[in-house]
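The values are calculated or read from the model by the stated rules, or taken from the named source; none is laboratory data. Worth saying up front: this structure is predicted, and the values here are computed from it rather than measured. Cβ: placed from backbone, ideal geometry, glycine included. Neighbour counts: every protein chain shown. Areas reflect the complete protein model, heavy atoms only, side chains present, ligands, DNA and RNA absent. Shrake-Rupley method; radii C 1.70, N 1.55, O 1.52, S 1.80 Å.
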Amino acid sequence: MQILITGQKVKLSALTPRTQLQVQVHLQHPDIDLALFGLSADSQLVDDRYFVFFNQPASPEGAITLSGNPQQRTFSIDLHRLPGTVERLMFTATSDSQPVGAMSSGTVRLSDTSGPLAEYTLARAGSEKALMLLELYRHSGEWRVAAVGQGFSGGLKALIEHFGGEVTEPPASVEPPPPSPPVRPPPPSPVLSKLDLRKKSVSVVLTKAGIQGVQARVMVVMDASGSMDELYRSGTVQDTLERLIPVAMKLDDNEAMEFWYYASHFAQMGDLDEHSVIGLVGESRPQNQSGQSAAVKALGFGNNEPPVMRDVLDTHRTYHQQDRTVGAATMPTLVLFLTDGGIDAATSRQIEQLIKSSTGEPLFWQFVGLGRSGFGVLEKLDTLKGREIDNSGFFAVNDITKLSDDELYQRLLSQFAVWWQAWQRRKPSGTGTPTPSVSTPTARGSKVSAGRPVTLTKSASVSLQKAGTITTALEWKGNGDLDLYAFYVLKDGTVGKVYYKDKGRKSKPPYITLSGDSRTAGREEIILHRPELLAHVLIAAYSAVKNGLGSFASYKPQAVVTDNLGQQVIVPLLNRNHFSFWVAITKLDFTDSSQNAVSHVERYSGFMIENSPKLHANGTFEMNKGPVEFKK
């Protein structure tokens, strides 16, 4: 096997006489997408159908096909079947959220049926969000291989435009109109993120099943037993969790899924959302990773389903009782339980009893078998007797990465939909889509009255009258060390932050001050002295490393926004996060000339990521993108 270095070019005939090839790309990266561009001789995209990626995994004639998971893709190529217009094949990597250089390792391997031919080890890049990896190209009638390694700071958009592709719809025609409409249809939009496409898929499944608009708590249990090693190492577990997030975003009132690991024992990890799921799973099972909690480290090697099922039931019952206490309508719970099997007869009996005991509750068990190995009672759920209503489903798949998103969501949700409709018929009163509970979301544009505090729920916002000064307090329970940050944008475009190392200034920019660094007491304050000179402020909290993991869940912090007019907005953290160092809590918008706005944002950093949030000049922000703020 030949080892390639950046810039090196090799004749394909020097490596193999064959034209049926495989290119395997393996990148250890928290959030990566791999794609192939079929290009003309002058490096322009021949046809939109030759942009091969996760949502278009084959070229029209099948000469190029894509398989695998996001961190390890295999492109199968038959050069003989390619049309003559395709003279270059460029393999690329892009990330929506982090530089490609965030990868811990990366290799590109060229193989044929005889085995590996050449390998290119990728150097860790800088801040680029797109990277051209390897190119197969035709020169003087002969195919060659080139190790490229060139990055683009603009990400996927810059890469597509570099190859002559279109990212957005063409602008409207100007007068006079062209004599005839373009023959070529608009390209499929690669601009839609993977997350957006998956959310659409979930919506379609829910609509077809007749349960669109239903809210449900989503709980996910993931097998971490020893036999799962390869699925963790290959990135399949990380990919699967990311594919489950859109289900929670469409069903769960917090747009997050409560998450457990289990093996011989179990560990409740709290809520995962679209941000905190990024990079959660490393290259090994969680109990073998550094930085994990004591509960995770004690998971063990075997598989023991009943204890984690009991904990899931207890958690569900706690929430259900809270709903009943405040008079809210019934909200169902969907449990997605992923296991690779090995369930013996004794364990099967316990599982059967737990399923039967919960048949009268608004909870549905959806088991997913990973592989084909000994699922015990799960394989008999359709015929399980002694239940008032069928409250469980099961399907097994040998390789979950080969299931399309549409098929995965259909399998995950179809039986849940049938169960929920049946459960509602069984319970004719007090059921249905849940009504708001005590912390009612305040509609965008509504206003707060002096002396009447408003508590915001997930993604809600509220308007305040213009005030002279605004105070935002971070309050938490316990004696841990949380730090309050104010990321700001002034109306003159200045961007910065106020925190324990720079406590700001009252009479000079940024007109924001921090009360101090409270290392034990459960309160810190930031005062905005001249709101009229501010455009945007993002309030965030950092949990010092000495607190250990799980501090946000245990300290239950909230932001309290008050002003000199007596208006008050409480912004609690609703998700139960056990592993992030950062949370963005609320955003204040001062760009409207007549009123201010306070929004509930609640976004968490990824697992073990110390990088702070980054607030942009236009008021948008990103997690995991700022500098590292390490405090022991």
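Can you give me the Cα centroid spacing of segment 590-607 and segment 346-405 in angstrom?
Result: 42 Å between the Cα centres.
Sort 343-352, 330-339 for me by packing, meaning the mean count of neighbouring Cβ atoms within 10 Å per residue, highest on top.
Values: 343-352: 15.8, 330-339: 23.4.
Result, highest mean Cβ count within 10 Å first: 330-339, 343-352.
Out of the total accessible area of the chain (probe 1.4 Å, heavy atoms of protein only), what percent is carbon and sulfur?
Details: 13020 of 26030 Å².
Solvent-exposed carbon and sulfur of the chain make up 50 percent of the total.
Taking R0 as 51 Å, what's the FRET efficiency between ASP78 and THR494 from their Cβ-Cβ distance, rounded to 0.05? Let's see the in-between values first.
Values: r = 56 Å, r/R0 = 1.10.
For ASP78 and THR494, the calculated efficiency is 0.35.
What's the extension gain from LYS297 to SER594 if we count 0.36 nm per residue and subtract their Cα-Cα distance?
Details: separation 297, 0.36 × 297 = 106.92 nm, distance 5.34 nm.
Stretched out fully, the LYS297 to SER594 stretch lengthens by 101.6 nm.
Using a 1.4 Å probe and counting only protein heavy atoms, arrange MET249, MET219 so the residue with the most accessible area comes first. Walk me through the numbers before you get to the answer.
Working: MET249 30, MET219 5 Å².
So the residues, ranked largest to smallest area, are MET249, MET219.
What distance in nm lies between label points placed 7 Å from Cα along the C-beta direction at ARG349 and ARG310?
That separation, rounded to one decimal, is 1.6 nm.
Under 17 Å Cα to Cα from LYS503, which lysines show up? Leave out anything in the same chain fewer than 8 places away.
LYS631
Which three extents, in whole angstrom, do the alpha-carbon atoms of segment 296-428 cover along their principal axes, largest first?
43, 35, 31
Over the chain, what number does the Rg to Rh ratio reach, with both radii from the alpha-carbon atoms and Rh per Kirkwood?
Values: Rg = 26.7 Å, Rh = 26.9 Å.
Radius of gyration relative to Kirkwood radius: 0.99.
Put a dot 7 Å past each Cα toward the Cβ at ARG505 and ARG233; how far apart are the dots in nm?
For the pair ARG233/ARG505, the computed spacing is 5.7 nm.
Taking the highest mean first, how do the peptides 377-386, 230-239 order by number of other beta carbon atoms within 10 angstrom per residue?
Working: 377-386: 14.7, 230-239: 20.4.
Most protected by this proxy first, the peptides run 230-239, 377-386.
Each label point is 7 Å from the Cα along the Cα-to-Cβ direction; what then is the distance between the points at ARG324 and LEU195, in nm?
3.6 nm
Given Cα pairs under 8 Å that are at least 6 residues apart, what percent is the relative contact order of segment 32-119? Intermediate values should be presented prior to the final figure.
On the way: 136 pairs, mean separation 26.1, N = 88.
Across segment 32-119, relative contact order equals 30 percent.
With the cut-off at 1.5 for a/c, could you classify segment 1-117 from its C-alpha gyration tensor as rounded, prolate or oblate?
Values: a/c = 1.61, a/b = 1.17, b/c = 1.38.
Oblate, because a/c is 1.5 or more while a/b does not exceed b/c.
Scan around GLN150 for amide H atoms under 5 Å from its own, H built in the peptide plane at 1.01 Å from N, and keep only partners 5 or more places away or cross-chain.
The answer is MET132.
Would you mind working out the accessible area per residue for segment 1-149, using a 1.4 Å probe, and quoting it in Å²? Please report the intermediate quantities before stating the final value.
On the way: 5920 Å² over 149 residues.
It amounts to 40 Å² per residue over segment 1-149.
Going highest first, how would you order 5-17, 504-516 by mean Cβ packing within 10 Å? Walk me through the numbers on the way to the answer.
Numbers: 5-17: 13.5, 504-516: 16.5.
Listed from highest to lowest mean packing, they are 504-516, 5-17.
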